[in-house]
Number of protein chains: 2
Amino acid sequence: MKIEQVDFFYLAMPEITTAGDGSQDALLVRVEAGGHVGWGECEASPLVSIAAFVCPMSHGACRPVSASVLGQTIDSPADIARIAATIELDSMDLLQAAHTWSGIEMALWDLLGRVRGEPVWKLLGYNRSEKKTPYASQLFGDTPQETLRLAGNVRRDGFTAAKFGWGPVGRGSVGADADQFMAAREGLGPDGILLIDVGQIWGEDVDAAAARLPALEEAGAVWLEEPFRASAYAAYSMLAARSPRVKLAGGEGAHNVDMARNLIDFGAVGFVQIDCGRIGGIGPAKKVADHAVARGVTYVNHTFTSHLALSASIQPYAGLAEHRICEYPVSPKPVAHEMTCNHLQRDENGQIAVPDAPGLGMEINPETIRTFSLDVELKVAGVTLFPQ
Amino acid sequence: MKIEQVDFFYLAMPEITTAGDGSQDALLVRVEAGGHVGWGECEASPLVSIAAFVCPMSHGACRPVSASVLGQTIDSPADIARIAATIELDSMDLLQAAHTWSGIEMALWDLLGRVRGEPVWKLLGYNRSEKKTPYASQLFGDTPQETLRLAGNVRRDGFTAAKFGWGPVGRGSVGADADQFMAAREGLGPDGILLIDVGQIWGEDVDAAAARLPALEEAGAVWLEEPFRASAYAAYSMLAARSPRVKLAGGEGAHNVDMARNLIDFGAVGFVQIDCGRIGGIGPAKKVADHAVARGVTYVNHTFTSHLALSASIQPYAGLAEHRICEYPVSPKPVAHEMTCNHLQRDENGQIAVPDAPGLGMEINPETIRTFSLDVELKVAGVTLFPQ
């Protein structure tokens, strides 16, 4: 099969707020090859990722992503890896390329799985798909009272694990943060798995992060996520050495395999969190999962958007029974929730699994595309580059 | 002063080839504040970097670069650092942001220097600007004979240092590469400083790189540049351990300070090469220079475009007398060469220095902008985002 067509759909809520809620827009990708179709999703900034697909070449190592994709043969996972390697060299100086390619790569796995009648995790070499324990992923409330209420809702909703992130934490005092952590714990109950995400708030300030460790320990947090900038490995490893009980988590900022491996090898994280919509798709994420297993680190998906992205993000570690925790956006915006007709529903034990269906197993809702899509037009020197 | 206006000029040669020649197009940036003007340049992919300035917000940590720049106060270097820190958090998930910001940041230093009547290196804290030894930076010929000819030209042109890069090297046999290295040495003469750049060709294959070390040693190469992917630190450090004589060089792919520091701390390079058009401008580059000094590593600029970018790239290490080598594009395309009215000319000893003039000390040629600029139009949902 040849890749005949790649279409992008820029979907967005009518209003976008400054909340750290990544489900407010989406860049959906449809790939056609040999009369078959696959779907994927790029994480964040749809306009910029579209531009990286269609932009004019700057030089031999800064070609648009389209140059390495359109017309290429796609018959096996090896073909996906080959195209990825081409982009790595030919779009080396195009920073956004990794995000653009991520959605296309997902769509190629989906397409290949549909053609072969197999779920992606089988194409990746797993014999079975293990159930995952979803953690309700949401933002801290503006006050501890609000966080308490949110955590109580999560528990009542049947979740046994929850992550609270961003919001006011790290922006005020150590005591204020402690109140937030304890409110989350109180709402979640004594047995719930509590995870804390601070969105790089401390840059590389190890002492600022370490000052919160006693409260995180008292609240029984399993991990502290992204205390520092994505590549501040030295800071990560210093904090890890000071935190025997609360493990560090990170990795969503990785836009290639090396960055994720480095966070494990040099940053000493206990959990590596990979966003398939950023790292270059499912293939590189599987390589990170292999590395995590070899290093005794736990792999976790990073997903804050649709269930299409959720299914894609679980495939790379679907077969790893001991890597059980799974990010699960608890209240995505309609543009993300309604992107798919089906969803990864929790079973009677509160667990989820990727669909036992060809490809990513998700059905795209054309009505959602119609409702939320924005027209995009890119022109250079009078020539329309998009729509193509 | 407030930042009132940021203008982008997409300049390009009429024809762009697949050669690894980064001077074929340019994204020139003009910033206006308080009636003053500064100029900067983003490295590569003009359309995508423009898109990252004007794109709609995706969420609170994925805002367009413009949101953190327009209307901001700019009275001191601390203001530049403050804006950079805002972008780091507010455009965290917008991968291309670092490249877009790089050109704006340069322009802000230029503007501030012009307002204060001081060169940028003084604003950075240096007491004097040291002369640098430019190395003629060019591509390998397609054959050793062509490389021999090119190297001879360089020597006759008075250069005492030269870098040959990309082209066929690493794509054929070890013997073929050896012939290229020796041809470069022969043409350059026995005393010339010879540098070799292979553009990440070996991915993370340490053995493939190590197989070339004997020939590199025989040719007396001072460094081997970018044997591996930008963040493949483990491969870098393994090769460094096997190469006592030929040092490793890298860093042009760093799009933040952490990545460059990591290449030093975990990759064991002997030379760190920073492109101010990618790393976020001059401020972060100066931080890398400080780190290099502390670690006994030599700082080098990475520049393959205009003399505006060249001046910007030297400022961060202008005051470091022992960090003497300087990348100097030897045959940039007219769009890059004619971007500025003045140039960093070699003196009677073949050395160069940044202008002892306010800001970056470069005068932009408006005629070049008129000749080479391409119209860009970006629309989302019927709204024209660019030109603004």
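The values are calculated or read from the model by the stated rules, or taken from the named source; none is laboratory data. Being a predicted model, the structure only gives us computed values, none of them experimental. Cβ atoms come from the backbone with ideal geometry, glycine included; neighbour counts cover every protein chain shown. The area values use the complete protein model at the heavy-atom level, side chains included, leaving out ligands, DNA and RNA. Shrake-Rupley method; radii C 1.70, N 1.55, O 1.52, S 1.80 Å.
Check A:L70: other-chain or 5+ apart residues with amide H under 5 Å from its amide H, H built from backbone geometry?
Under 5 Å from the amide H of A:L70 lies no amide H from a residue far enough along the sequence or on another chain.
Could you tell me the total accessible area buried at the A-B interface, probe 1.4 Å, in square angstrom to the nearest hundred?
5000
Amide H to amide H under 5 Å from A:Y299: which residues, 5+ apart in sequence or cross-chain, H placed 1.01 Å off N in plane?
A:V272
Using only the Cα atoms of segment A:321-388, what do you get for the radius of gyration and for Dmax, in Å?
Taking only Cα atoms of segment A:321-388, I get Rg and Dmax of 17.8, 58 Å.
Please state the charge dipole magnitude for segment B:32-146, taken about the Cα centre, from unit charges on C-beta atoms (+1 on K and R, -1 on D and E), reported in debye and rounded to the nearest 20.
For this selection, approximately 400 debye.
Among the GluC sites (Glu not before Pro) within segment A:350-388, which fall in a DSSP loop and have no more than 16 other Cβ atoms within 10 Å of their own Cβ?
Qualifying residues, ordered by number: A:E363.
Starting from the Cα gyration tensor of segment B:196-295, multiply each eigenvalue by 5, take the square root, and state the resulting semi-axes largest first in whole Å.
23, 13, 12
What do you get for Rg/Rh of segment B:247-295 when both radii come from the Cα atoms and Rh is the Kirkwood radius?
Checking Rg against Rh, the ratio lands at 0.91.
Label 7 Å along Cα→Cβ of A:R245; segment A:196-215 residues with amide nitrogen under 20 Å?
Those under the cut-off are A:196-198, A:207-215.
Just want to confirm a number: the relative contact order over chain A, from Cα pairs under 8 angstrom separated by 6+ residues, in percent.
Result for chain A is 19 percent.
Viscosity 1.002 mPa s, temperature 20 °C: give me the Stokes-Einstein translational D for segment A:120-172 in µm²/s, with Rh taken as the Kirkwood radius over C-alpha pairs.
Estimated diffusion coefficient is 162 µm²/s.
So what is the relative contact order for segment B:85-233, in percent, with contacts set as C-alpha pairs under 8 Å and at least six apart?
Averaging sequence separation for qualifying contacts and normalising by length gives 18 percent for segment B:85-233.
Quick one: if you take sqrt(5λ) for each eigenvalue of the C-alpha gyration tensor of segment A:1-128, what semi-axes come out, biggest first, whole angstrom?
Gyration-tensor ellipsoid for segment A:1-128: 24, 20, 13 Å.
Which whole-percent values make up P(r) of segment A:238-337 when all C-alpha to C-alpha distances are grouped in 5 Å steps starting at zero?
Bins of 5 Å from zero give 2, 15, 25, 24, 17, 10, 5, 1, 0 percent of pairs.
Only Cα pairs under 8 Å and at least 6 apart count here; give the relative contact order of segment B:1-104 as a rounded whole percent.
About 31 percent, as a whole number.
Within 10 Å of each Cβ in peptide A:21-34, how many partner chain Cβ atoms are there on average? Round it to a whole number, please.
Per-residue shielding by partner chains comes out at 2.
Once a ≥ b ≥ c are taken as the square roots of the eigenvalues of the Cα gyration tensor of segment B:274-388, is the result rounded (a/c under 1.5), prolate (a/b larger than b/c) or oblate (a/b not larger than b/c)?
Verdict is oblate for segment B:274-388.
Label points 7 Å out from Cα along the Cβ direction at B:R171 and B:Q345: separation in nm?
3.8
Nearest 20 debye, what's the magnitude of the dipole of chain A about its Cα centre given +1 on Lys and Arg Cβ and -1 on Asp and Glu Cβ?
For this selection, approximately 600 debye.
Using Stokes-Einstein with the Kirkwood hydrodynamic radius over Cα pairs, what translational diffusion coefficient do you get for the protein assembly as shown at 20 °C and a viscosity of 1.002 mPa s, in µm²/s rounded to a whole number?
The estimated diffusion coefficient comes to 81 µm²/s.
Measure off, as a whole percent, the carbon and sulfur share of the 1.4 Å-probe accessible area of chain A, all protein chains present.
About 49 percent, which is the carbon plus sulfur part of the accessible surface.
Quick one: what Rg and Dmax do you get for chain B from the alpha carbons, in Å?
My reading of the Cα-based Rg and Dmax gives 20.4, 63 Å.
Measure nothing fancy, just the Cα-based angle from helix B:282-295's long axis to the longest principal axis of chain B, in degrees from 0 to 90, nearest 10.
That works out to roughly 40 degrees.
So, counting K/R as plus one and D/E as minus one, what does the shell of residues with Cβ under 13 Å around B:L378 add up to?
Computed value for this residue: -2.
Over all residues in A:95-105, what is the mean tally of Cβ atoms on other chains that come within 10 Å of each residue's Cβ?
3
Given Cα positions, please report Rg to Rh for segment B:82-145, the hydrodynamic radius being the Kirkwood one.
A ratio of 1.17.
Taking amide H positions as placed 1.01 Å from N in the peptide plane, with prolines and chain starts having none, which residues 5 or more places from B:E130, or on another chain, fall under 5 Å of its amide H?
B:G319, B:L320
Step through the residues of segment A:47-58 one at a time and calculate ³J(HN,Hα) from phi using the Karplus curve (6.51 cos²θ - 1.76 cosθ + 1.60, θ = phi - 60°), rounding each to whole Hz and writing x for Gly and Pro.
Once rounded to whole Hz, the list reads 4, 5, 5, 5, 4, 5, 7, 10, 4, x, 4, 8.
Can you tell me the dipole magnitude for segment A:109-189 around its Cα centre, using point charges on the Cβ only (Lys, Arg +1; Asp, Glu -1), in Debye to the nearest 20?
The dipole magnitude comes to about 480 debye.
In whole Hz, what ³J(HN,Hα) sequence does segment B:186-191 give by Karplus (6.51, -1.76, 1.60; θ = phi - 60°), x for Gly and Pro?
Computed from phi, the couplings for segment B:186-191 are 4, x, 7, x, x, 9 Hz.
Given the -39500 (n - 2.57) contribution per DSSP H run of 4+ residues, what per-residue ellipticity at 222 nm results for chain B, rounded to the nearest 500 deg cm²/dmol?
That calculation yields -10500 deg cm²/dmol at 222 nm.
Rounded if a/c is under 1.5, else prolate if a/b is larger than b/c, else oblate: which is segment B:1-60, with a ≥ b ≥ c the root eigenvalues of its Cα gyration tensor?
Oblate.
Tell me, what ³J(HN,Hα) does each residue in segment A:350-357 have, in order and in whole Hz, if you take phi through Karplus 6.51 cos²θ - 1.76 cosθ + 1.60 with θ = phi - 60° and put x for Gly and Pro?
x, 9, 10, 8, 5, x, 8, 8
Would you mind getting the Kirkwood hydrodynamic radius of segment B:126-212 from its Cα pairs, rounded to one decimal in Å?
13.6
List the aspartates and glutamates whose Cα lies under 17 Å from the Cα of A:K122, skipping any in the same chain that are fewer than 8 positions away.
A:D75, A:D79, A:E105, A:D110, A:E130, A:D290, A:D356
Can you tell which of A:A357, A:L344, A:A318 lies farthest toward the positive end of the dipole of segment A:295-370, using +1 and -1 charges on the Cβ of basic and acidic side chains (Lys, Arg; Asp, Glu)?
In segment A:295-370, that residue is A:A318.
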